[in-house]
Every structure is written in structure tokens, then in C-alpha cells.
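One structure below.
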Amino acid sequence: MRAGFDKWWLVPLGILAASALVALGIIAFGPSLAGHAAAEVAQPVASEAAADCPGASANDYACYQERYRDLARTSGVEVAFAELKDEYEKNDLVRYNCHQLVHVMGRSAAELYDDLSTTYAQGDEFCGSGYYHGAMEVFVAEIGADKMLEEADAFCADLGEHQKYSAYHRNCAHGLGHGFMGVLGNELFESLYACDALTDGWEEDNCYDGVFMQNTMAENDPNHPSKYLKADRPLYPCTDVEARYKNRCYQRQTGYALKTQGNDFARVFDLCAKAEEDFRPACYQGLGRDAAGHQIQDSVSDAAITNSTGMLCRLGEDDEARSNCVVGAVEHFIRHYHSDEQAKTLCGTFETDLRILCLETAEDYYESFQT
């Protein structure tokens, strides 16, 4: 197995786009990245049983990792996603760790199907498209640390040629960041330097995003700890990385910072206010994404989600903080719902200038999202 407006924030459109690309023969890798012929698709190993997580294990993250890895391998990706989506509605642990769990499913599927195009065609964008990111971890690992820098440009080359800067292209480049972190044992700085091996600046930037996302995810995954998270320095490593990495770092780091501050958004707004001046907007935008994401997870109605998100963004002490928070929230709503309806509902909760900014952001971002 081998695997504008700046459009860095495009996200995968899911299985419909995947199937279309496969049907058109767009996802076709050269000899160094190609796996077995797609016609020889491996089938789930039905003789193995998936782990069950009843009773005390209902709060055991490792048990759910094992369960969804096994389900993808034994019953197929479609069944695993169906069960995960059902459990998502009932189980807080699954809901809060959903992105990491679909990473596990992507890794399991990649090992089963042995082919990038086939693996991606089975996928689903549910929970931040983590399935695709996990799959890319396997493809990068198969190349290995010795060759992955030489092969870096080849991973996404066909998407870069046929679907340049599309959602699928973004997903590939972002997934490389996760993959580099996996191969390099969560060595963040080495993984960022690996991203620098990419010759396309847009791919580089999305790869950085994958690295920083993988780093913050380590907080919830005891099997992949990170030494680059420090509770007494919530915005580290953003404070220490080179300038070209900082925007992506601050956009991802606020999720970890919130955990260190008891999910107190006002306190993290204060942390962002003390960040380096050129990168404060990125920090506030990260908080906006977190505000929207937290409310999607916690709230029971669309009205509660938008009203609570708006209240959180208003905690910013100045226009820079509030405006960038709104930008981050709008973009997250559009990515999550694949629609601008919820984002525009959020805009309606604001007054005058902030409402205008919100609507303009929603219009521009949704247009680019559909590209």
C-alpha cells in the first residue's frame, strides 16, 4: 500500500465527492504511492468480533477506540459510521471524542482496503473529516520516515493537478500533517519541517494545520501523548514556533487553552489579547471556532446554538476580539452544516457593524466552500 481568497479553510465534501472522483479516475497515484488494484477490494473480516463497551467501559475512551477500529475492519466502514452516529446522539464521551474516533476508523480502513482511492471512497465527512486524516496517517507511515520527504509532493499531486485547492485537495494536504506527526512520534517541530518539504505553499499551510491539530488532539489520546502541550503555558508552542507557522498554531491552540482555563472563554480571550500582535486575530478566530463547536456539542436546539455562540463572542473586550471570533464561528458553522443558514441566523443576533461583517463573511466563505 502506498498510498483567491485563500482557500486553506475548505473542508471535504464527503462520500459524494469521493465517489465522483473515483468514478472519473481523478484519484490515481503513481507507482510509488499506488496500492493494489482497486478492483481487488479487500472485504471486512466478518469472523472477528468488535469490542463492546457496556457498563463502566461506557466511559473508557480506549474501549471505544478498539470498538470502532474493529467495526470498520469486521463489518465495514458504512456500518461503523452508522453505529458511531447513533452513539453520538446518546453518549457524551463519543460526542466529545468523535474526531479522534473517526481517525481510528480511517486508519483501520486504510489497512483493510490497501488503496488510497478505495479507502477515501468509503469515507464520510462526519466529525470534521477525521476519517480521511486517519487514513493518510497510514499511507504516510507506509512510505516511512526515510522516504516521506522525497515523496511529499507525490501524495497530493493528482488532486493538485485535477482538483487544485478543492476540498479534497485540502483534505489530502491537511492529512499529511497528521501523517507526519504519526511517523515522527508527535515531534511537532520535525513534523512542521516535513511540511516545508512541500513545494506548493497552499499545501504547506494546510499541512501545518494538520500538525497542530494532531498536537492538540494528543490531550485526549493517551496512546499518542505530546510534550508540546503545557498547562502553565496554554498558548505554547505557538509562542515558540517560527512566524510562518504561527497563524495555524493559534487557530488550533485555543481548544487546548480552554481546557486549561476550565472552558472559561473570557479568560482565553484575555490570553489571546496578550498574544503577539500580528497573530491575535488568529487566536480570536480559533475561539470563535471553539465557541461554535462547543455549542453544537452541548446545545439541544438550533436557536440555543446560535444564541449561545453569539453570547460567547461578545465576551471579547474590543472590536478586534469580537469580530474575529464571529469570523471563526461563521466558518465553523458553514463547515459543519454544509450550509450558510445557521451562520446567517447567528448574524441576525448581532447589531449593525458586527452583523454586516458576519453576513459578508458568511457570503464569501460559503461561496468559496462550494468551489
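Rule-based calculations on the coordinates, nothing more; no lab input. Remember, predicted model here, so these are calculated numbers, not experimental data.
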Tell me, what ³J(HN,Hα) does each residue in region 292-302 have, in order and in whole Hz, if you take phi through Karplus 6.51 cos²θ - 1.76 cosθ + 1.60 with θ = phi - 60° and put x for Gly and Pro? 5, x, 4, 6, 4, 6, 9, 8, 9, 9, 4
Decide, for region 294-371, between rounded, prolate and oblate: order the square roots of the alpha carbon gyration tensor eigenvalues as a ≥ b ≥ c, take rounded if a/c falls under 1.5, and otherwise choose prolate if a/b is larger than b/c, else oblate. oblate
Spelling out what I want: for every residue of region 99-105, take phi, set θ = phi - 60°, compute 6.51 cos²θ - 1.76 cosθ + 1.60 (Karplus), and round to whole Hz; glycine and proline get x. 4, 5, 5, 6, 4, 4, 5
Rg ratio (alpha-carbon, reference 2.2 N^0.38 Å) - region 119-270: 1.03
When all alpha-carbon pairs of region 243-369 are counted, what percent fall beyond 26 Å? 13
Going Cα to Cα from Lys274, which lysines come in below 27 Å? Please leave out same-chain ones fewer than 8 positions away. Lys227, Lys230, Lys246, Lys259
Extension reserve of the Glu150-Val300 stretch, reckoned as 0.36 nm per residue once the Cα distance is removed: 49.2 nm
